[in-house]
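Participant: Before we start, here is the structure in question, set down as structure tokens.
The values are calculated or read from the model by the stated rules, or taken from the named source; none is laboratory data. Predicted, not measured: the structure shown is a model, and the values here were computed from it. In this analysis, Cβ positions are derived from the backbone assuming ideal geometry, glycine residues included, and neighbour counts consider all displayed protein chains. Only protein heavy atoms, including side chains, enter the accessible area calculation; ligands, DNA and RNA are left aside. Shrake-Rupley method; radii C 1.70, N 1.55, O 1.52, S 1.80 Å.
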Amino acid sequence: MKIVSRNEELLRDALSCIPQPSSRTSLARCNNLIRFEDISAAAFKIQCGVQKTPCMYSRLSKQYGMDIYLKKEFLQYTGSVKERGVLYLLMSLPQDQQRKGVIVASDSNFSMAVAYHASELRIPVFVIVCTSTAPARVKMCREYGAMVISYGTAAKDSQLHARRLAQENGYLYLEEEDSAVYLSGLGTVGLEMYEQVPKLDAVIFPAGGHCGLLAGSAAALKHLNPRISIIGVESESFPVLQQSLKAGHPAEDQACNNHHFYGDVSGVCFGSNSLQLTGKLVDKVVAVREEDILISMLRLLEYERATVDAEGAIGLAALVAGKLPELKGKRVAVVICSGNLELHLLQRCIAHALTLDNRVCRFSLVIPDCPGDMSKLLEILAREEVRVLDIKQERTFVTSELFTVEVICTVETRDKIHTAQLRNALLERYPKTAWTER
């Protein structure tokens, strides 16, 4: 975590009770802060403050040819796995700092976790957000118990304001980084999965900018069973982790899209500790397209009744995209780490995913503008058992024969095969049917 001015030593003091790594610890060579014992201690300390989320066998297993177990971290109170690291961090602060309070400057999952758990621990907590922050996020942080202040039009403005308030009032300014305390808290996910699913072959985690979950959990899993394959998944649009691993240091200049759809997947600020752990312990990092993430969100909603965001769906997206063929027939756990998708984005994402999955399609055709011709078209659609979502008729700007009407129709089908059957039926009756390609 980043600390402002005189609070710099607070987190180091919190770690002073942790013994130094022994020569037997495999992690000592790549990170002298986090050990398996630290993760175990974190699990014991936070067990009453966070959910022990289920890791359940998924109906998607048959579809993708492997035994898939979903670790449902989106069931945490604030909808995010970040609660684990945040709670352990806050509980490790000295009592005098807990009395003074903490401050954060974003509307991320991390900030919401700080807002909730600081309030539960009776630590004064302040969240500074820019004026463009979604009202729903502001409301949520307030309901968790934080004092929320809107300041500035950009994230940098709110961050500078938060730092200034921290210096003036003695608050601890927190940013999501990779301190040993935070990574140990996140690593408890790995411990739980190892207990819940015996004989695991592989575990898939979200990666991207904030790869603390990947690094911390890899430390736990590799200690328990070095043969478990640890895989990270990030977006093709933001291959931050792959670039950083190749360069040997965090990629500071990587372009970042701040759109809420991507969340922490597109972040650029992770530290050297996470990067070293990832390079040492993670077996593979793959990148997926936005289309794969959207279809993954659709699969989770349909098969698991799970409403998740891009960060939560990106792990399964690697299986949806066929990026991991070596896992066929294996026992695979996938971490579904976040479910904080704004409602207006949810509607757009699902609509787009249905189109990508060839289950919503649009076509146009020209028919005579006579009684009975429209009903003949509707009979074909009924016979093919498609659901009509929208139908429009255009008469004024039709460029074909006089007394004809252009019909533009949007329908929902079962799958790609059903869509092809509909297309053939329409072309047989209306050879000039124009299909709108996505």
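Participant: Can you tell me which of Phe403, Phe363 is more than 30 Å from Gly79 (Cβ to Cβ), crowded, with 17+ Cβ neighbours inside 10 Å and of a type in the set (Phe, Trp, Tyr)?
Facilitator: Unique residue meeting the criteria: Phe363.
Participant: When the stretch 301-315 is examined, which residues are found to be open to solvent by 60 Å² or more (accessible area, probe 1.4 Å) and in a helix (DSSP H, G or I)?
Facilitator: Answer for the stretch 301-315, where residues must be open to solvent by 60 Å² or more (accessible area, probe 1.4 Å) and in a helix (DSSP H, G or I): Glu302, Tyr303.
Participant: If we scan the stretch 366-376, do we find a residue that is of a type in the set (A, V, I, L, M) and within 42 Å of the chain's Cα centre (by Cα)?
Facilitator: Within the stretch 366-376 (the criterion being of a type in the set (A, V, I, L, M) and within 42 Å of the chain's Cα centre (by Cα)), the answer is no, since none of the residues qualifies.
Participant: If you don't mind, another one. Quick one: Leu345 ticks every box in (1) open to solvent by less than 20 Å² (accessible area, probe 1.4 Å); (2) at pLDDT 95 or above; (3) among the hydrophobic types (A, V, I, L, M, F, W, C) except a single one, so which number is it?
Facilitator: (2)
Participant: Might you let me know whether the stretch 413-425 holds any residue that is outside the structural domain of Leu319 (by the TED database), open to solvent by less than 60 Å² (accessible area, probe 1.4 Å) and free of Cβ contacts under 8 Å to residues at least 24 places away in the same chain?
Facilitator: Yes - at least one qualifying residue is present in the stretch 413-425.
Participant: Evaluate the stretch 61-78: report whether one residue or more is over 30 Å from Glu326 (Cα atoms) and either of a type in the set (Val, Ile, Thr) or surrounded by 24 or more Cβ atoms within 10 Å (Cβ to Cβ) (or both).
Facilitator: Yes, there is a match, as at least one residue in the stretch 61-78 is over 30 Å from Glu326 (Cα atoms) and either of a type in the set (Val, Ile, Thr) or surrounded by 24 or more Cβ atoms within 10 Å (Cβ to Cβ) (or both).
Participant: Out of all the residues in the stretch 88-96, is one or more under 23 Å from Val203 (Cβ atoms) and open to solvent by 50 Å² or more (accessible area, probe 1.4 Å)?
Facilitator: There is no residue in the stretch 88-96 that is under 23 Å from Val203 (Cβ atoms) and open to solvent by 50 Å² or more (accessible area, probe 1.4 Å).
Participant: Okay, moving on. Over 30 Å from Arg429 (Cα atoms), among the β-branched types (Val, Ile, Thr) and without any contact (Cβ under 8 Å) to a residue 60 or more places away in the chain: is that true of Ile293 in this structure?
Facilitator: Yes; evaluated as a whole, the condition is true for this residue.
Okay, residues lined up against (1) within 23 Å of Leu121 (Cα to Cα); (2) charged (D, E, K, R); (3) modelled with pLDDT under 95:
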site: Leu165; (1), (2), (3): yes, no, no
site: Ser184; (1), (2), (3): yes, no, no
site: Tyr194; (1), (2), (3): no, no, no
site: Ala202; (1), (2), (3): no, no, no
site: Gly212; (1), (2), (3): no, no, yes
site: Asn225; (1), (2), (3): no, no, no
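Participant: Consider Ser179 against the criteria (1) of a type in the set (S, T, N, Q); (2) crowded, with 24+ Cβ neighbours inside 10 Å; (3) under 19 Å from Gly263 (Cβ atoms): it satisfies all of them except one. Which criterion is unmet?
Facilitator: Ser179 satisfies every listed condition except (3).
Participant: Test Leu319 against the criterion of being surrounded by 16 or more Cβ atoms within 10 Å (Cβ to Cβ), outside the structural domain of Arg289 (by the TED database) and in contact (Cβ under 8 Å) with a residue 40 or more places away in the chain, and give yes or no.
Facilitator: No: the conditions fail for Leu319.
Participant: Pairs, please: C-beta under 9 Å, at least 6 apart or cross-chain, first residue open to solvent by 10 Å² or more (accessible area, probe 1.4 Å) and in the stretch 203-221, second at pLDDT 90 or above and part of a strand (DSSP E or B)?
Facilitator: Qualifying pairs under 9 Å: Leu213/Phe205; Leu213/Pro206; Leu213/Val335.
Participant: Find the residue count for the stretch 139-167, including only residues that are assigned to a helix (DSSP H, G or I), of a type outside the set (Asp, Glu) and open to solvent by 20 Å² or more (accessible area, probe 1.4 Å).
Facilitator: Qualifying residue count, the stretch 139-167: 13.
Participant: What about Thr25, is it open to solvent by less than 90 Å² (accessible area, probe 1.4 Å) and modelled with pLDDT of 95 or more?
Facilitator: Details: open to solvent by less than 90 Å² (accessible area, probe 1.4 Å): yes; modelled with pLDDT of 95 or more: no.
So Thr25 fails the test.
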